[in-house]
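In what follows, a single structure is set out as structure tokens and then discussed.
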Amino acid sequence: MSQISLSFPDGNSRDYPAGITAAEVAESIAPSLAKRAISANLDGRHIDLAWPIAESGAITINTMKDEAPALELIRHDFAHVMARAVQEIWPDVKVTIGPVRDHGWFYDFDRKEPFTPEDLGRIEAKMKEIIAARDPVRTEIWDRERAIAHYKGQNEPFKLELIDRIPEGEDVRMYWHGEWQDLCRGPHLQNTGQLPADAFRLTHVAGAYWLGDASRPMLQRIYGVAFRNKADLKAHLTMLEEAAKRDHRKLGREMELFHFQEEAPGMVFWHPNGWTIYRELEAYMRRRLTRAGYKEIKTPQVVDRILWEKSGHWEAYRENMFIVEVDEEGAKEKRTNALKPMNCPCHVQVYNQGLKSYRDLPLRLAEFGSCHRYESSGSMHGLMRVRGFVQDDAHIFCTEDQIEAECASFLDLLGSVYADLGFEKFDIKLSTRPETRVGSDEIWDKAETALEAAILKVRNDFEVDPGEGAFYGPKLDFKLTDAIGREWQCGTFQVDFNLPVRLDAEYIGEDGGKHRPVMLHRAILGSFERFIGILIENYSGKLPLWLAPRQVVVASIVSDADDYVRRVVDALRAAGLRAEADTRNEKINYKVREHSVGKVPAILAIGMKEVEAGTVSLRRLDSQGSRTLSLEEAVAELSAEAAPPDLR
RNA sequence: GCCGGUUUAGCUCAGCAGGUAGAGCAGCUGAUUUGUAAUCAGAAGGUCGCGGGUUCGAUUCCUGCAACCGGCACCA
């Protein structure tokens, strides 16, 4: 038998007979390591301990201390154990696939009756039994025919389809967990008893299409989470509770920001508090855009379908547009209009008025564009996905040579806006040319190179998504990370060679001839609605002073202080602060509690001491104590902090 | 749009194996004048999401629809 050489993380290497398993390698290093070993990495590939190693390479033995491989194995084995438990309880259930995902795994089943929450408890109990039985895990490689015959015998149509999809030449591997087996790529633990029976939980059941295809049958998906130990599971469950507390839908109601109602699904009714946030954010963006050389415009809500046919939207998105039919007087037919689902075609109309010269470029047209899209009923979600929304939209008309500079200055603006709004970290994704596209390869080369060069000026870590660009040009997407680590795609920067052609935009070049401008679609916030939802969740409702709807509440301790309270409120308002008086006949404890729960950033408590000394007692949200300041000091401190970040 | 669930007072939620509903908080009224996260008392508040059916009788059972929630699909 031939020899192979395996190198270890410490730099040493040793020769072994080919076909040795990772378990045997671990044993040869130290019996204690062999006991703790759970899997191995061979040249970066995660393999079973029992896997015969045929060729030389770099090997690392993994134990439960190695978080990434340990969690992958645990979660993957839990998926199998759960599927086994389900089939033991309901033998007629068909199994499909069960990958590791996020903090756990899911497994999709085909079963007529729906799984209920009570069923989850039953499955969990059965899983614990299986773990306690400590069944060994075995792997076998089958030939395709045998696997097909086996699953035909078992009447498992989904597994047959999966075998069909395994590429020719790849092994068909079967994993046995005791008497139960599953078609699987692996790797797995050596024994189901290695699973932490107290560190998993089945979380919920949901429908999911077979292979993610809406035209295929809907299966039932059971989700679970699992960790290496009970403490990690508990930490995760606590994190979920914390996330639920900052849900913008809940805070939106509690802080009286907005509401939704049945008669207008997906459309926001903004209340005074919520609309204050919106207006502050809009005013801020307007100042930033103006300073960055944008011209603001406003275009119609309702536009004849003829324009949408020209732009191509009618053909591609008609199903998702709100259609308005109008009986015009004397007309034979109804005229069909659509609420605009996006602003770009209208912006080209503004551009097209009057002849443009190369000297006019780049022309940056911005609009807080109110758009409507008929989103499918199941996709709406609070402010995060709505049918009526406003984009911080702009289109930059420029020459091909100007793409790089425009992209670079956009990146500056975007990074600065995100930082101002409290998001220091964001990721960039570059999506390049798809298979079906418009525009010559030369132009695509130019655009992709320009985008990449522009990003590289700001940073060198960005993800490339080949083939994921729009048919009309490459694009950048920007994902910001919030306070609890969730990612939100907000900004976008798209190069468009298509729409200027379809809508016939042109400019007169230095040579006196007509040329096509390039159109750059870009947004920073995405939509105001969604971004405000993200802000609320990021700050848990405790918005920075400049965005807080109610900035200061002045609360009297005794009614004899009421007159002074009103004078304090007047002084705060005169300094531009959003201040309210609370002179209700309640104890100060009650008022402090109520306004703290209502996320008011500053409370000024006024008793007779303050009245006599002309001072205020300032209590900041989440602080335990209070500070006594003169009225002038308090106004100065709060109004300085309430200035928007770009005006400080 | 698809699968499952939910819908009872302004909010959070009980309840009803069919005989038209109950709590806490909020709101209202009164008392209390209070020092930094809930003062006390009283009265009031609901066509039990909307429509149809079964029944002597439906908030409860059946059915259709809508909205919302959790996913899936979609997201120019």
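The values are calculated or read from the model by the stated rules, or taken from the named source; none is laboratory data. As the structure is a computational prediction, the values presented were derived from the model and not from experiment. Every residue, glycine among them, receives a Cβ derived from its backbone with ideal geometry; neighbour counts consider all protein chains shown. When the accessible area is computed, the model is the full protein with side chains, heavy atoms only, and any ligands, DNA or RNA have been set aside. Shrake-Rupley method; radii C 1.70, N 1.55, O 1.52, S 1.80 Å.
For chain A, which longest stretch is free of loop sites, where a loop site is one of the GluC sites (Glu not before Pro) that DSSP puts outside H, G, I, E and B and that has at most 12 other Cβ atoms within 10 Å?
Between the exposed loop sites, the longest stretch runs A:511-648.
Could you work out the relative contact order of region A:259-539, using alpha carbon pairs under 8 angstrom and six or more residues apart, expressed as a whole percent?
Taking the mean separation of contacting Cα pairs over the length of region A:259-539, I get 20 percent.
Suppose R0 equals 60 Å; then what is the FRET efficiency for residue A:612 and residue A:29 from their Cβ-Cβ distance, rounded to the nearest 0.05?
0.15
How much accessible area per residue does region A:68-237 have, counting only protein heavy atoms and a probe of 1.4 Å, in square angstrom?
47
For Cα pairs less than 8 Å apart in space and 6+ apart in sequence, what is the mean separation divided by the residue count of region A:3-63, i.e. the relative contact order in percent?
Rounded, it is 40 percent for region A:3-63.
Over chain A, what relative contact order in percent results from Cα pairs under 8 Å that are six or more residues apart?
9
Excluding residues fewer than 8 places away in the same chain, name every one of the lysines whose C-alpha is closer than 22 Å to that of residue A:112.
Excluding near neighbours in sequence, the set is A:94, A:126, A:152, A:159.
Residue separation times 0.36 nm, minus the C-alpha to C-alpha distance between residue A:244 and residue A:8: what's the value?
80.5 nm
PRE reach from residue A:409 (point 7 Å along Cα→Cβ): which of region A:279-299 fall under 18 Å by backbone N?
In region A:279-299, the label zone of residue A:409 (backbone N under 18 Å from the point 7 Å along Cα→Cβ) covers A:285-297.
Please state the charge dipole magnitude for chain A, taken about the Cα centre, from unit charges on C-beta atoms (+1 on K and R, -1 on D and E), reported in debye and rounded to the nearest 20.
1360
How far is helix A:272-291 tilted, in degrees, relative to the longest principal axis of the Cα atoms in chain A, given as a value from 0 to 90 rounded to the nearest 10?
It is inclined by approximately 90 degrees.
Starting from the Cα gyration tensor of region A:168-223, take the square roots of the eigenvalues, sort them a ≥ b ≥ c, and report rounded, prolate or oblate (rounded when a/c is under 1.5, otherwise prolate if a/b is larger than b/c, else oblate).
Verdict is oblate for region A:168-223.
Enumerate the lysines that residue A:340 could reach by cross-link, defined here as Cα to Cα under 18 Å, with residues fewer than 8 away along the same chain left out.
A:298, A:310
So with the 1.4 Å probe, I'd like the accessible area per residue for region A:3-63, rounded to whole Å².
49
For region A:512-648, which whole percent of the accessible surface, found with a 1.4 angstrom probe, sits on carbon and sulfur atoms?
The value for region A:512-648 is 48 percent carbon and sulfur by accessible area.
Whole number please: convex hull volume per residue of the Cα set in region A:8-127, in Å³?
Measuring per residue, one finds 135 Å³ for the Cα hull of region A:8-127.
Give me the accessible area per residue for region A:325-423, probe 1.4 Å, as a whole number in Å².
42
Roughly speaking, to the nearest percent, how much of region A:114-206's 1.4 Å accessible area is carbon and sulfur?
Its accessible area is 48 percent carbon and sulfur atoms.
To the nearest 10 degrees, how steeply does helix A:403-420 sit against the main Cα axis of chain A, on a 0 to 90 scale?
80
Mind pulling the angle between the C-alpha long axis of helix A:144-154 and the longest principal axis of chain A? Nearest 10 degrees, somewhere in 0 to 90.
For helix A:144-154, the angle is close to 80 degrees.
When the chain is fully extended, how far beyond the present Cα-Cα distance does residue A:471 get from residue A:211, taking 0.36 nm per residue of separation?
91.1 nm
Would you mind classifying region A:111-202 by shape? Square roots of the alpha carbon gyration tensor eigenvalues, ordered a ≥ b ≥ c; an a/c under 1.5 is rounded, otherwise it is prolate if a/b is larger than b/c and oblate if not.
oblate
Please enumerate, by chain and number, the aspartates and glutamates with C-alpha under 15 Å from the C-alpha of residue A:542, excluding those fewer than 8 residues away in the same chain.
Straight-line reach from residue A:542, under 15 Å: A:242, A:247, A:254, A:256, A:482, A:594, A:622, A:641.
Determine the calculated [θ] at 222 nm for chain A from helices alone, applying -39500 (n - 2.57) to every DSSP H run no shorter than 4 residues and normalising by the residue count; nearest 500 deg cm²/dmol.
It lands at -11000 deg cm²/dmol.
Label region A:3-63 by shape, choosing from rounded, prolate and oblate, from the square roots a ≥ b ≥ c of the eigenvalues of the Cα gyration tensor; if a/c is under 1.5 it is rounded, and otherwise prolate applies when a/b is larger than b/c, oblate when it is not.
It comes out rounded by the Cα gyration axes.
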